[in-house]
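The values are calculated or read from the model by the stated rules, or taken from the named source; none is laboratory data. Quantities reported herein were computed from a predicted structural model and do not represent experimental measurements. Cβ coordinates were reconstructed from backbone atoms using ideal geometry, including for glycine residues, and neighbour counts include every protein chain displayed.
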Amino acid sequence: MLDSIVEWVVSLMELLGAPGVGIAILLENLFPPIPSEVVLPLAGFTVTAGDLSFWSTFLWATAGSVLGAWLLYWVGQAIGADRLRKIADWMWLVEPGDVDKALGWFDKYGSASVFFGRLIPGVRSLISIPAGIDGMNFLKFTAWTAGGSALWNALLIGLGVWLGARYDVVAQYIDQYSTVVYIILALAVVAVIVYLVRRSVKRRAEHD
């Protein structure tokens, strides 16, 4: 799978140059199996060969990141808070008020969430959806997304330039980082489920 992705990215860069990197990153936002931790260091390695320039690669990658985030933001807007409340009302353990609490939290910390979310594998794309649901100011969303994406892209392209032919080392370390992130997210999900179950049991006991 990974080898075929690398081959596809190489062919895309050979055909289109730096815009090919932007297209790959756009698709990475929409289809996470295309890993930026492989695409961007590979692009950095290609920069060392003189086939791409660092700045054009960086700018196209960031443009692809922002465009992909826009698409997911609009998905969030299409879902909307009202529809999400109806879904919450239908679901077991969750209440419409939980949606309002989550949106209130996002109103308070949304900017930081969007920025730092762009630096976390598995969250990079998904963070755009709650921003759209919450109706976060589009210009603010774009600015924070571009800032976080620019930092991530510059780091990974720069590592690819620095490591050269050993660019694949980046993916190995980010896989370890991703594993820690996924474990933390899984524990957070378990904690939320436990909280919701305990709340449901307590309210049922009070009702009885």
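Quick notes on this structure:
- Scanning segment 114-124 for residues that are closer than 11 Å to Thr145 by Cβ and among the small types (Gly, Ala, Ser) gives a single hit, Gly117.
- Subset of segment 21-34 that is over 11 Å from Val9 (Cα atoms) and touching a Leu at 6+ places or on another chain (Cβ under 8 Å) - its residue that is surrounded by the fewest Cβ atoms within 10 Å (Cβ to Cβ): Leu30
- So Ala61, is it touching a residue at least 60 places away in the same chain (Cβ under 8 Å), buried (at least 17 other Cβ atoms within 10 Å of the Cβ), of a type in the set (A, V, I, L, M, F, W, C) and closer than 18 Å to Leu16 by Cα: yes
- Within segment 28-66, the set of residues being outside any helix (DSSP H, G or I) and among the aliphatic types (A, V, I, L, M) comprises Ile34, Ala49, Leu52.
- Taken as a whole, the structure leaves Lys86 outside the set of residues that are modelled with pLDDT of 75 or more, surrounded by fewer than 16 Cβ atoms within 10 Å (Cβ to Cβ) and not polar (S, T, N, Q).
- Of the helices (runs of 4 or more DSSP H) contained entirely in segment 96-181, those carrying at least 2 residues that are exposed (fewer than 15 other Cβ atoms within 10 Å of the Cβ), on the phi < 0 side of the Ramachandran plot and modelled with pLDDT of 75 or more fall at 96-117, 138-163.
- Filter result for Ala69 (small (Gly, Ala, Ser), surrounded by 13 or more Cβ atoms within 10 Å (Cβ to Cβ), modelled with pLDDT under 75 and assigned to a helix (DSSP H, G or I)): no
- All told, Leu52 falls short of being in contact (Cβ under 8 Å) with a residue 60 or more places away in the chain and under 16 Å from Val161 (Cβ atoms).
- Among residues of segment 4-27, those that are in a helix (DSSP H, G or I), modelled with pLDDT of 80 or more and over 21 Å from Trp162 (Cβ atoms), counted: 7
- If the condition is being within 25 Å of Ser56 (Cα to Cα) and in contact with a Leu (Cβ under 9 Å, 6 or more places away or on another chain), then segment 129-148 contributes only Gly148.
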